[in-house]
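Asker: Pasting a structure here, questions to come.
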Amino acid sequence: MFTGIIEELGEIVRVAPTAGDSALLGVRGPLVTSDARHGDSIAVNGVCLTVVEVADGVFTADVMGETLRRSALGALRRGDPVNLERAAALGSRLGGHLVQGHVDGVGELISREPAEQWETVRFRLPAALSRYVVEKGSITIDGVSLTVAAVGADEFAVGLIPTTLKLTTLGAKGVGDPVNLEVDVLAKYVERLLGDRLTNADADARGLATHPGRVA
């Protein structure tokens, strides 16, 4: 579990295809590797990866083909900057929101509108995710916890403060660039629970219609 507060801007130093359609990723991150060990979790652009090896400020992680296809990690090349965050520790402050590191889909940056103290950035998102995105709600973009400023049919906007622009990859993203999106997991749980209740209520209603004398 993560919080969406980026600890360090790292760098891809190795992308090596392995058996099948998977790959071995090498990432430089002196801060996040300072206490990292084999088996630890580190989020790379919002994707939870498991540390395989650590040496000289670089960690390596195996990335499955499924992850490469369902996230923007497959587009990374040597030298690319990446947002890094270690897994949250129990008892630590929750500066952002609960982030699983499980990417729900890939979005696309479609516009940037600079202002004096912040920048409004708009993203296109997959249609299947639009129902989970609400104004003033939380969303994770490339591992960064952000508040939704506006929502459209297939797009949404966020406001980026100077710190976010400077200390994450979002400051250098251009129009057309892909980003990893993770919606608020609470929204998905609520949808599932309400869906089950509505399904059961509908079944009860059909039963009463078929057997009008039955007491619900």
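Asker: Restrict the search to region 13-65; then list the trypsin sites (Lys or Arg not before Pro) that DSSP places in a loop and that have at most 15 other Cβ atoms within 10 Å of their Cβ.
Answerer: Sites meeting the loop and neighbour criteria: Arg37.
Asker: What is the calculated FRET efficiency for Leu165 to Arg69, with r their C-beta to C-beta distance and R₀ = 30 Å, to the nearest 0.05?
Answerer: Values: r = 29 Å, r/R0 = 0.98.
Rounded to the nearest 0.05, the efficiency is 0.55.
Asker: Non-local amide H neighbours of Glu11 (under 5 Å, H modeled in plane, Pro and chain starts lacking H): which ones?
Answerer: Arg28, Val82
Asker: In Å², what does the accessible area per residue of the chain work out to with a 1.4 Å probe? Can you show the working numbers first?
Answerer: Details: 11900 Å² over 216 residues.
With the other protein chains kept in place, the chain gives 55 Å² per residue.
Asker: Report, by chain and number, residues whose modeled amide H sits under 5 Å from the one on Leu49, excluding near sequence neighbours (fewer than 5 apart, same chain).
Answerer: Correct list: Ile42, Ala43, Val44.
Asker: Another question about this same structure. State the volume of the convex hull built on the alpha-carbon positions of region 49-189, expressed per residue in Å³ and rounded to an integer. Can you show the working numbers first?
Answerer: Numbers: hull volume 19.8 nm³, N = 141.
Here the figure is 140 Å³ per residue.
Asker: What's the carbon and sulfur percent of the chain's accessible surface, probe 1.4 angstrom, rounded to a whole number? List each step's numbers first, then the result.
Answerer: On the way: 6520 of 11900 Å².
Ligands and nucleic acids excluded, carbon and sulfur reach 55 percent.
Asker: I've got another one for you. Taking θ as phi - 60°, what are the ³J(HN,Hα) couplings along region 58-67 by the Karplus curve (6.51, -1.76, 1.60), each to the nearest whole Hz, with x for Gly and Pro?
Answerer: In residue order, the calculated couplings are 10, 10, 10, 8, 7, 10, 5, x, 4, 5 Hz.
Asker: Net charge near Val121, counting Lys/Arg +1 and Asp/Glu -1 over other residues with Cβ under 12 Å of its Cβ? Kindly include the intermediate steps, with their values, before the conclusion.
Answerer: Values: positive: Arg112, Arg122, Arg124, Lys173; negative: Glu108, Glu113, Glu119, Asp142, Glu155, Asp177.
In short, -2.
Asker: Could I ask something else about it? Can you tell me which lysines have their Cα less than 24 Å from the Cα of Lys188? Leave out same-chain residues fewer than eight positions away.
Answerer: Cα-Cα hits under 24 Å: Lys136.
Asker: May I ask for the distance between the Cα centers of region 150-170 and region 24-90, given as a whole number of Å?
Answerer: With region 150-170 and region 24-90 each reduced to a Cα centre, they are spaced 23 Å.
Asker: Taking K and R as +1 and D and E as -1, what net charge do the other residues with C-beta under 12 Å from the C-beta of Leu9 add up to? Could you put the intermediate results ahead of the total?
Answerer: Details: positive: Arg28, Lys166; negative: Glu7, Glu8, Glu11, Asp80, Glu85, Asp142.
Surrounding charge for Leu9 is -4.
Asker: Between Glu191 and Trp118, what length in nm is gained on full extension when 0.36 nm per residue of separation is reduced by their alpha carbon distance?
Answerer: Values: separation 73, 0.36 × 73 = 26.28 nm, distance 3.32 nm.
Difference between extended and current length: 23.0 nm.
Asker: What does the extension gain come out to for Ala19 and Ala172, with contour length at 0.36 nm per residue minus their alpha carbon separation?
Answerer: Numbers: separation 153, 0.36 × 153 = 55.08 nm, distance 3.28 nm.
That works out to 51.8 nm of additional length.
Asker: Hey, another quick one. Keeping every protein chain in place, order His102, His38, His97 by accessible area at 1.4 Å, biggest value first, i.e. largest first.
Answerer: Numbers: His102 105, His38 145, His97 20 Å².
The ranking, largest first, comes out as His38, His102, His97.
Asker: Multiplying the sequence separation of Arg37 and Arg77 by 0.36 nm and subtracting their Cα-Cα distance, what value in nm do you get? Display every interim value, and only then the final one.
Answerer: Numbers: separation 40, 0.36 × 40 = 14.40 nm, distance 2.45 nm.
Full extension from Arg37 to Arg77 adds 12.0 nm.
Asker: Using only the alpha-carbon atoms, what does region 1-103 span along each of its principal axes? Please give whole angstrom values in decreasing order.
Answerer: Over region 1-103, Cα extents along the principal axes are 40, 30, 23 Å.
Asker: For the chain, what is the charge dipole size about the Cα centre, in debye to the nearest 20, if Lys and Arg each add +1 at the Cβ and Asp and Glu each add -1 at the Cβ? Walk me through the intermediate numbers first.
Answerer: Values: 21 positive and 28 negative charges, 70 e Å.
My answer is approximately 340 debye.
Asker: Quick one: dipole size for region 58-170, taken about the Cα centre, charges +1 on Lys/Arg Cβ and -1 on Asp/Glu Cβ, in debye to the nearest 20. Numbers along the way, then the final one.
Answerer: Working: 12 positive and 13 negative charges, 40 e Å.
That gives region 58-170 a dipole magnitude of about 200 debye.
Asker: Cα to Cα, under 16 Å, and not fewer than 8 places away if on the same chain: which aspartates and glutamates meet these conditions relative to Lys173?
Answerer: In chain and number order, the partners are Glu11, Asp80, Glu108, Glu113, Glu119, Asp142.
The values are calculated or read from the model by the stated rules, or taken from the named source; none is laboratory data. Bear in mind that the values here come from a model prediction, so they are computed numbers and not experimental data. FYI the Cβ positions are ideal-geometry reconstructions off the backbone, even for glycines, and counts take in every protein chain you see. What goes into the accessible areas is simple: the full protein's heavy atoms, side chains included, and nothing from ligands, DNA or RNA. Shrake-Rupley method; radii C 1.70, N 1.55, O 1.52, S 1.80 Å.
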